[in-house]
Amino acid sequence: MREVRKNRVGEAIKKELGQIFQQELKDPRIGFVTVTGVEMSGDLQLATVYLTVWGGDETKEETLKALAKAKGFIRTEIGRRIQLRHTPELIFKFDHSIEYGNRIEQLLREINQEKGTGE
């Protein structure tokens, strides 16, 4: 039962974060951000938020700094929108799985091209 609640709260936070990033945050350093997942701790006190950001490494770092600065506001908004006894502490991390998948896809394409020209 505990696992179901963790997942439900994580999905609710993910949904609300998407809306907050899209509509509430006005910081120009925050570019195109997508929340790919939220992982909750067992006691619901800590939420690890996985993000992807459109742009280069510099854009990603600026976005992370801006989100760290806006963390209090974001947490307040989540607390206002979701009825929980305690609003979880937010930890923002980059989700590298999409970049990893793109790299694998690129390598497979290169292998297929070499096979096509090598025959």
Whichever residue in segment 77-102 is part of a helix (DSSP H, G or I) and modelled with pLDDT of 85 or more and, among such residues, is farthest from the chain's Cα centre (by Cα): R80
Among the residues listed as T63, T59, T76, the single one being over 22 Å from V4 (Cα atoms), of a type in the set (S, T, N, Q), surrounded by fewer than 17 Cβ atoms within 10 Å (Cβ to Cβ) and in contact with a Gly (Cβ under 8 Å, 6 or more places away or on another chain): T59
Residue check for D43: of a type in the set (D, E), at pLDDT 90 or above, open to solvent by 90 Å² or more (accessible area, probe 1.4 Å) and out of contact with any Asp or Glu (no Cβ under 8 Å at 6 or more places or on another chain): yes
Lone unmet requirement of (1) out of contact with any Pro (no Cβ under 9 Å at 6 or more places or on another chain); (2) in a strand (DSSP E or B) for I74: (2)
Counted residues, segment 15-38 - those being open to solvent by less than 60 Å² (accessible area, probe 1.4 Å) and either closer than 16 Å to F73 by Cβ or modelled with pLDDT of 85 or more (or both): 14
Neighbours by Cβ (under 7 Å, 6+ apart or cross-chain): first from segment 85-113, over 20 Å from G37 (Cβ atoms); second not basic (K, R): H86/Q45
Test for I30: is it in contact (Cβ under 8 Å) with a residue 12 or more places away in the chain, touching a helix residue (DSSP H, G or I) at 6+ places or on another chain (Cβ under 7 Å), among the aliphatic types (A, V, I, L, M) and in a helix (DSSP H, G or I): no
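For (1) under 14 Å from the mean Cα position of the chain (by Cα); (2) of a type in the set (D, E), each residue gets a yes or a no:
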| residue | (1), (2) |
| --- | --- |
| G10 | yes, no |
| D27 | no, yes |
| E39 | yes, yes |
| T48 | yes, no |
Check on K65, among the basic types (K, R), in contact (Cβ under 8 Å) with a residue 24 or more places away in the chain and either in a strand (DSSP E or B) or out of contact with any strand residue (DSSP E or B) (no Cβ under 8 Å at 6 or more places or on another chain) (or both): yes
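The values are calculated or read from the model by the stated rules, or taken from the named source; none is laboratory data. Bear in mind that the values here come from a model prediction, so they are computed numbers and not experimental data. All Cβ positions, even for glycine, are placed from backbone atoms using ideal geometry, and neighbour counts span all protein chains on display. Keep in mind that these areas ignore ligands, DNA and RNA; they rest on the heavy atoms of the full protein, side chains included. Shrake-Rupley method; radii C 1.70, N 1.55, O 1.52, S 1.80 Å.
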